[in-house]
Each structure stands twice: as structure tokens, then as C-alpha cells.
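So the structure is just underneath, and the comments pick up after that.
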2 protein chains.
Amino acid sequence: MLTYSYSGRGSESLYEYLYTCIKHDILTGVLAPHTKLPSKRVFAANQGISIVTVENTYGQLMAEGYIYSRPKSGFYVSAIAGQIPENAQSSDLIPARQEHPAESSYNLVSNHTSAEHFPFSIWAKIIRQLLSTQDAKLLISPPPGGAMELRSAIASHLYNFRGITCEPEQIIIGAGTEYLYTLIVQLLGREKVYGLENPSSKKIRRIYQAAGAKVIPLSMDGEGIELTAENLAVPDIVQISPSHHFPTGIVTSVSRRYGLLQWASESPGRYIIEDDYDSEFRLQGRPIPSLFSMDATDRVIYFNTFTKSLASTIRISYMVLPKPLLEIFYSKLGFYSCTVSNFEQYTLAAFIREEYFEKHINRMRNHYRMLRDALIRQILDSALYPGAEISEENAGLHFLLKLRTREPDAVLKEKALKNGVTVSFLSDYYSSDYRQLKTSYEHTAIINYSALSEEDMVQVVQALCSAWFPCLA
Amino acid sequence: MLTYSYSGRGSESLYEYLYTCIKHDILTGVLAPHTKLPSKRVFAANQGISIVTVENTYGQLMAEGYIYSRPKSGFYVSAIAGQIPENAQSSDLIPARQEHPAESSYNLVSNHTSAEHFPFSIWAKIIRQLLSTQDAKLLISPPPGGAMELRSAIASHLYNFRGITCEPEQIIIGAGTEYLYTLIVQLLGREKVYGLENPSSKKIRRIYQAAGAKVIPLSMDGEGIELTAENLAVPDIVQISPSHHFPTGIVTSVSRRYGLLQWASESPGRYIIEDDYDSEFRLQGRPIPSLFSMDATDRVIYFNTFTKSLASTIRISYMVLPKPLLEIFYSKLGFYSCTVSNFEQYTLAAFIREEYFEKHINRMRNHYRMLRDALIRQILDSALYPGAEISEENAGLHFLLKLRTREPDAVLKEKALKNGVTVSFLSDYYSSDYRQLKTSYEHTAIINYSALSEEDMVQVVQALCSAWFPCLA
């Protein structure tokens, strides 16, 4: 049983100390690759510390790629390439942070911008110029909706690239979409019923619920949300991602869009929240007009975020409110300070204004297209084909891979994991209070390739082949 | 006659040494409640030290509630409601939230860091170094509580400067105190009753109400919240700023602190939220121990913010949760992403770790002390004196100016505004559903001088003289 004495702890926190101990043992080979670590509960009890401390330690080690997890199994030591010899100086143990943990661990679930693709030098140049002005505006609290410079830059970006006409005042900046959802609930009312696409990300449901709102799932078919009485009689607010639904990739058809706009216009207090979260990465064909730009009755609230298009660790999102809601926003919620730091608001404003954002998006779109093509090529050349079918590959950063198999999704997922690939399935995203799974959604893996490098492709497909080929019909 | 030998003094200053000796004797009962202390003059002569040293010592003991004064009589030992652990240290306060003032030449309402006092070049240097590493950690989403590097830096800062012992895991980083309050309501429950000091900033009330929580006002006297059944029977959570109440500047006495801790310990689910928002800027005497550090039963949640100590446009605040709440936080709210950008979290972490934060605080404290002294000097030299009386000038960034007048506060405010000065009055901060204004709070202007320059002083005092002199009795 893994045990560390606290005698060498010094002034470090428990968390730092344990982190350093375990990392040291991994790097020196004391803990061999794929060794199972004790469960959090057992380890906490053994060390006489809280589970939260162990959770944080394991979490940090996982974020840095020293260990990996398998659901319902536990934590394992990663196979780190080039381990440090036993007699290495402790200074050598400073986190050799890896973008991709170990060779045995590929993540096809999360979006991730890798360090080599973030425009560090341009960002650094802009913020250096900005800070060197020591401009008083940087220390003056912006309006609750955010710095006007950033809101103006976003307004022209939306006009040029999304066909959206709005005044900068209609744009509300916030520290991440999650935060803006909690504002929406305060703006529209927590007594209202919020209809969410089913399937959808579990996080959105949890945010609405944590904010105290009632949430119901809305059934979908291949064209988007179904315009049935069952779906639309109850909710006051409908939240959708019409340009690119997560996880199915479905694009809401134009007739459905008009149907939804009609529904909203029929009764006061009805609103549609349009989450356009990765519309920048439509890889093929023309962008699809936003609901916001089709709306003539001020019932659509548009959402988008830079956490997807720039980096998930830059917490800047925004919403565009229809004008009549703007006065309500200012009178009800105008007391809130904007949650994003001025330095980053002004940096991002210059980044957009000086066309770096457009260039970045173009570069990333090409990069993702290249990744997607390489991965699809590998799959088509592999033993998986034709037992597996690819769809919805033209938008966003993932595609669907439907397997011809009778194995349940849980088994397929476990097999992939045993081969070092973390992957989710459509069935993971259905609301548990609405379990009418359509057959067409079974055995469908969601392949998010944004975190992979080109070199990873061969290994990923080989791993998936080993995992799934024996299961294919 | 109270006499202390200097043999045990060590490296402490005379002032600190005497403070510690007298506090020790009060806590251990050597000095019984209501014992009269020697007069400052006699005590100074007896100890062979200056009267100023004794003044400072008595002043600090009084600010912390260990002793009290009776006009024209002298200083007496307070009746402390319990025994303080020998190692107790540190203190706390609440975010002074201001309403947006009208346009005027001089603003005596809002806190503001002027551009010439923000450490632009150091901040720029750190962020440039950080971005030049292009370190992968910058693009890896931190745990929901924030980047461990920043949380560790804050934990050692709290230990060194506030006497607070906590693990980095207990610290939760958020984009501003306002955001963290909305998390608190989600964590503790919006069905709970939140008791807020009356008076207090209107913004705090609005945030709790917007988050769906029930809020009640708690009556105060000169020692802080009154420990009456009327105040304490109803609320589940009490939020206070014991180190420096906004707007009155009251420091909660030690016996009240123990009374509140006792109240919290009497029933499960009771918590005290301690907002320490400007404890860094205590201009005279030692900081006052925090409730968090006095708490033995895990019922105090500590809040502080860099929006006051660095710049209001840097949106980084934090709370320290007691360990038992931590697991609840992670299971209920662990799905939220941290709302602060990684770039700023890592920049601030280095800023604290490399002791720039400490230096900045020291520089700003000197600057504010200089501003305060200059403004008070101007007032004492003006026609306002002796028709106006200054109090609570030793903590935070404002003092009170009580006017001998019969004009209502609204008229006084209007007259100041006509002369180009925006100023608020104590009466502005009382909850409207609790209008039992104590007479002592009338005609009392709140003078926040943080946004003024030294050159402004003459104009401000001239303007206030023109506005108010004709009204003085």
C-alpha cells in the first residue's frame, strides 16, 4: 500500500507534498507504468487526510498526464516516455508538463487547444503594448455588459462573419458561458420552464438546475427539436444549438427554425436561447444563418464563446440580447460588475480588431480539417471499415462513428479505455428522466479530434481497432 | 500598578510587546473585566516609554474590543464572552459595494486604483515571461476551485499576513466576490435565510435576492451585530465584515465575535460568512484576528478579493471554505469551470509568490495614509471644523464626517453634488424594510478618499465647505 511519511514535508501543503512524492515515484520508476493507485478513499484513510486532498492530488497528476483514470476501475500510472533515472536531481522533477499524458492515453471527449496552436506571441505582443500605455481606461470599471471596445469589436465580427446585425450595447460579456446561463435564469426568471435538447451536455442541465430553474428535455429527430405539443406546450424558454447540435452534430433545418420562431412569437415571455458555440469551425459548406438574424420579433438570445475558438482557459463568452430585454437586464441585473478582467477584454478587443482572430480561426479551421481528414483516412484504411460508419463530419470538432455491433455502449467504451482511448457515446448524453433512446443513436461513438496531433492518428485508430474489431458484425 | 518587564520582549516592537502582554493578561483573567487601566500618561511614565506608544497599544486593544473607554474616565477591561486560544490571530471584512455615482468632478463614493499606482511594469514583466514559456499548463483547464499555483500562493499569503492556516484546496477562486456569493447561495441553499448587517451595501442584498435567497437585515450597535433573539433567531447564515464594517467602519468586538461563533455552533447548518474585503488597508495598529482563525467548529467561510487590493478591473476574488464544506462543494458545484482566465491566475500567483503583492500593499497603505492625513488636515483647517467631526479614520479607505446640522441627508448630498462632489451618507445604506434609523447615524457623510490625488484635496474641501458650511449649526 502506497504510504508517505510526512517527515520530509517541510512547509509544503499536504496536497503539494503528496503530489511531489507520487510524481517522484512515477518519474523514478518506483511506481511502474499501469500500476493501479489506491482508491481515493483508501489512500485518504491510510494517510489520515481528507478525500478532497487526495482528489486534488490525483486531479493535478491527471491534468499533467502522470496518471490516467478508468471509470469504475480507478487510477493508473501513465507510461511516461523517458523516465528520469533514480539519481536525478530534484530540480529535474519540476513538472515536465505534457500535453498528451502518456502514449497509452488519448482523449476523444474534450475540446482542447494545444499550446503549439495558441497564438502566444501575438497575444503577448498585444498585452505588452496595452500595459505599456498604462492607460487609465484599464483601471476604470467597465459597464456591467463589458468594455465597449470589446463589444464593438465583437459586433463587427458578428456582422462580418455571422451576418448578425446588433448594437455593441446588446452584447453582454461574461466569464464563460456557464456564468452567462446563471444570468439568463436571473433575467428571465427561475420560475420559468427551460426546455433543453435531448441529448445534450449534462453540464447545461446541471447549471440550470443549480440556478434553481425547472428543466425539461425536448425530443429531437434528424432535423432538430420536434415541433410537437409534447415538446412545446410546457417550456417558456427553449435552448438549442441549431448550427451544430452537441453531441449529434445535427443542423436544425430551416423549416424547424421558422417553426421555433413562430412558437416563440405566439405568447409573451417565450424566448429561444441560441448557442452558437462552435460555428467558427464549420469545415465544409457555407455557414448557416443564425436564428438571431432570422428573428423579427426579438425573441432570440444569441450565445457564443471564445473558450472554444481561442482556448478553454480564456474565460470570455458573450450573449446578444434582443433590444427589449436590454432594459430589463440593466434594471434587474445592472448592479453586477462585469466578470472578465479589463486587461483580457482590451487584449481580446485588439486581437479581433487587428484581424488576428480571423486569421487564427482560419488557421485552426485548416488544422482541424487536416486532423479530421487524416483520422477519417486512417479509419477507412483500417479493419474498422466497413463495420463502422462516419457521419456529421462537416461541422464542429467531432464526428460520429456508428459501429455495426450488438455490444452495449458501456462495453464498447470499456474496451476502448483498456486500449488507452477515452471516448463517449451518444447514449451518454440523454437525460436520465427521458430514456426513450431511439435505436439510431445506439453504438455511436463521438470522436472529438481537437486534442490529437497528426502523429497520434495511427495509434488511436490501431487502439480502436484492437478494442472494437472483434465486436463488429 | 500595571507593570511589564521588557525581559521577555525579544525582537517585537515596544508597542507589539505591550499589546501582547495586556491581551494575555485579559484573556487569562489576570486583568478582570471592568478593571480600570492606568491612564496613558501614568502608564507611559511608569514604563519609561512615550505616550504615543501607549496610545497605539490602547488604540489597538480597543479596536479589537479587549478594552473599552469611558469619556472623561479612562480605559477598562472588556467582559470577553469566552477564552481565546493563545495562538489566535488575524481578521476580516465585507466588500464595500458602491452604487454608481452621478457625474461629478470628485467621487467620494467608489474605491479606485489610479493608473499611476498600479504596478503595470511588474505585471507586464510577469505575464510576458509567463506567455514566453508557452507552457502547456496555461491551456489546461484548472480544477473548479482554480489553479493550484495561485491557491498555494494565497494560502501562504494568508498564513503570513492574516494568521490564517488553511490548505490550498480550501481556497476557491472566482471572477469577483459577486460571483462567489452566487456560488455560496447554490452551496448552502437558496431556501436558507441570509442575515446581512444593517446598514450594508445595497449590492450585497441585491446579489442574494437575485440568487433567490431570502435576506433579512440585522441591527447593529457600536460593537457590531447585536446578539439579540430578534437578530439571530431567524437567519441560518450571517454575513458580516467584522474587521471593518462598511459603511460605518465599526470593528466587531472580540466578545461579539465569540458570541457569533457560539451562535453558529449551536445548530447544524448555521454559517458565518466573513468578508475581509479591505483588511490590507488598516492604516493604524495591527490587523485584527479573523473570525476564520478563531473558529474551532468549521462554521466560518472567509472571503477576500484582489479587486480592492490590486485594481477593481482585475476580477479575482476567493473564498476559504471550512473542510467539511469542501466535499459538498465538489459534489454539488464541482461541474463549474473556474471563472478566471489561466493567464491572470498564473500571473497573480507569481506576483504574490515573488513578494510583489506585499510590496504593492505596503506602498498603497502608505499612499492612502498620506491621502487620509492630507484630507483630514484640510478639513480641520477649513470652515467645516468644528461643525463637523471625523471618526473611524484608521481602517479601510474611508472615514466618517458627522455634520452638526438639521438639514436632511438628501439635501446635504444634493448640495455637495451641485458643488461637484459625489458623496454618500450612512443613511443611504440602511435596508428600506428596516428603517429604524438610529439618530447617531444621521448627517454622517462617508468620505472615501482612495480615488483622489493629493492635488484634489484643496478643491474637494473647498467644495464641501461651500456646500455645507451654511447648513452647520
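The values are calculated or read from the model by the stated rules, or taken from the named source; none is laboratory data. The structure presented is a predicted model; accordingly, all values stated were derived computationally and were not measured. Here Cβ is always computed from backbone atoms with ideal geometry, including for glycine, and neighbour counts include all displayed protein chains. Accessible surface is based on the protein model in full, side chains and every heavy atom, while ligands, DNA and RNA are left aside. Shrake-Rupley method; radii C 1.70, N 1.55, O 1.52, S 1.80 Å.
DSSP beta bridges fully contained in chain B are about 55 percent antiparallel.
When B:H244, A:H34 are compared by accessible area at a 1.4 angstrom probe, the order from most to least is A:H34, B:H244. Put simply, the amide H of A:N394, placed in the peptide plane, has no neighbours under 5 Å, leaving out anything fewer than 5 places away on its chain. Each stretch of four or more DSSP H residues adds -39500 (n - 2.57); spread over every residue of the protein assembly as shown, this sum gives -11500 deg cm²/dmol at 222 nm.
Between A:E191 and B:Q209, the C-beta separation translates, for a Förster distance of 22 Å, into a calculated FRET efficiency of about 0.95.
On full extension of the chain, what length is gained from A:E167 through A:N362, given 0.36 nm per residue of separation minus the C-alpha to C-alpha distance? Please report the intermediate quantities before stating the final value.
Working: separation 195, 0.36 × 195 = 70.20 nm, distance 2.55 nm.
So the chain would gain 67.6 nm between A:E167 and A:N362.
Of the DSSP beta bridges with both residues in the protein assembly as shown, give the percent that are antiparallel, rounding to the nearest 5. Rounded to the nearest five, the antiparallel share is 60 percent. Summing charges over all other residues whose Cβ lies under 13 Å from the Cβ of A:P322, with Lys and Arg as +1 and Asp and Glu as -1, gives -3. Around A:I122, what is the net charge, scoring Lys/Arg as +1 and Asp/Glu as -1 over all other residues with Cβ under 12 Å from its Cβ? After counting each charged neighbour, the total is +2. Rounded to the nearest Hz, the phi-derived 3J(HN,Hα) couplings of region A:111-118 under the Karplus curve 6.51 cos²θ - 1.76 cosθ + 1.60 (θ = phi - 60°) are 6, 7, 9, 7, 4, 5, 9, 7, where x marks glycine and proline. With its label point defined 7 Å out from Cα along the Cα-to-Cβ axis, B:S39 lies at 7.3 nm from the matching points of the other copies, in increasing order. Label-to-label distances for B:Q459 across copies, nearest first, come out at 6.5 nm, using points 7 Å from Cα in the beta-carbon direction. Taking a ≥ b ≥ c as the square roots of the eigenvalues of the Cα gyration tensor of region A:256-316, is the shape rounded (a/c under 1.5), prolate (a/b larger than b/c) or oblate? Cα axes put region A:256-316 in the oblate bin. Residues of region B:144-192 whose accessible area (probe 1.4 Å, heavy atoms of protein chains only) drops by at least 20 Å² once all protein chains are present, relative to their chain alone: B:M148, B:S152, B:E167, B:P168, B:E169, B:A175, B:E178, B:Y179, B:T182, B:Q186, B:R190.
Solvent exposure of the protein assembly as shown amounts to 38 Å² per residue of accessible area, where only protein heavy atoms count and the probe is 1.4 Å. What the pair-distance distribution of chain B shows, using all Cα-Cα distances binned every 10 Å from zero, is 4, 19, 28, 27, 17, 4, 0 percent. Charged side chains reduced to their Cβ positions (Lys and Arg at +1, Asp and Glu at -1) give the protein assembly as shown a dipole of some 660 debye around its Cα centre. Once the C-beta distance of B:A473 and B:K36 is scaled by a Förster radius of 41 Å, the resulting FRET efficiency is 0.75 to the nearest 0.05.
For the chain pair A and B, the interface hides roughly 5300 square angstrom of accessible area in total, found with a 1.4 Å probe.
Identify the trypsin sites (Lys or Arg not before Pro) of region B:1-82 meeting these criteria: DSSP loop state and at most 15 other C-beta atoms within 10 Å of the C-beta.
Taking region B:1-82 and a limit of 15 other Cβ atoms within 10 Å, the loop trypsin sites (Lys or Arg not before Pro) found are B:R9, B:K72.
Rounded to whole numbers, the Karplus 3J(HN,Hα) couplings from phi for region B:297-302 are 10, 6, 10, 10, 10, 9 Hz, using 6.51 cos²θ - 1.76 cosθ + 1.60 with θ = phi - 60°, and x at Gly and Pro. Magnitude of the charge dipole for region B:365-473, about its Cα centre and with charges confined to Cβ atoms of Lys, Arg (+1) and Asp, Glu (-1), is about 160 debye.
The largest accessible area among B:V421, A:V215 belongs to the first residue in A:V215, B:V421, and the rest follow in falling order (1.4 Å probe, all chains). A label point on A:G74, set 7 Å along the Cα-to-Cβ line, lies at 7.0 nm from each of its counterparts in the other copies, closest listed first. Beyond 22 Å, what share of the Cα-Cα pairs of region B:164-304 is found? Please give it as a whole percent. Here the long-distance tail beyond 22 Å is 34 percent of all Cα pairs in region B:164-304. Solvent-accessible area of A:I240, all protein chains in place: 0 Å² (probe radius 1.4 Å, heavy atoms, ligands and nucleic acids excluded).
If the viscosity is 0.692 mPa s and the temperature 37 °C, what translational diffusion coefficient in µm²/s does Stokes-Einstein give for region B:195-259 when Rh comes from Kirkwood over Cα pairs? Diffusion coefficient, whole number: 272 µm²/s.
In order along region A:35-41, the phi-based Karplus estimate (6.51 cos²θ - 1.76 cosθ + 1.60, θ = phi - 60°) of 3J(HN,Hα) comes to 5, 7, 7, x, 4, 4, 4 Hz; Gly and Pro are listed as x. On the basis of the beta-carbon distance and an R0 of 30 Å, B:E442 and B:K72 show a calculated FRET efficiency of 0.75.
Of the residues A:T20, A:T165, A:T53, ranked by 1.4 Å probe accessible area with the largest first, the sequence reads A:T165, A:T20, A:T53.
Return the tail of the calculated pair distribution for region A:276-433, meaning the percent of Cα-Cα pairs more than 19 Å apart.
70
Label-to-label distance, B:E116 versus A:L380, with points set 7 angstrom from Cα along the beta-carbon direction: 6.8 nm. Residues whose amide H comes within less than 5 Å of that of A:V421, counting only those at least five positions distant or on another chain, are A:Y106 (H built at 1.01 Å from N in the peptide plane).
Qualifying trypsin sites (Lys or Arg not before Pro) in region A:268-332, where qualification requires a DSSP coil assignment and no more than 11 other C-beta atoms within 10 Å, are lacking entirely. Give me the one-decimal nm value for the distance between modelled label points at B:E327 and A:L2, 7 Å along each residue's Cα-to-Cβ direction. Going from the B:E327 label point to the A:L2 one covers 2.0 nm. Computed over all pairs of different Cα atoms, the Kirkwood value for the hydrodynamic radius of the protein assembly as shown is 30.4 Å.
Measuring with a 1.4 angstrom probe and ignoring ligands and nucleic acids, B:S69 comes out at about 60 Å² accessible.
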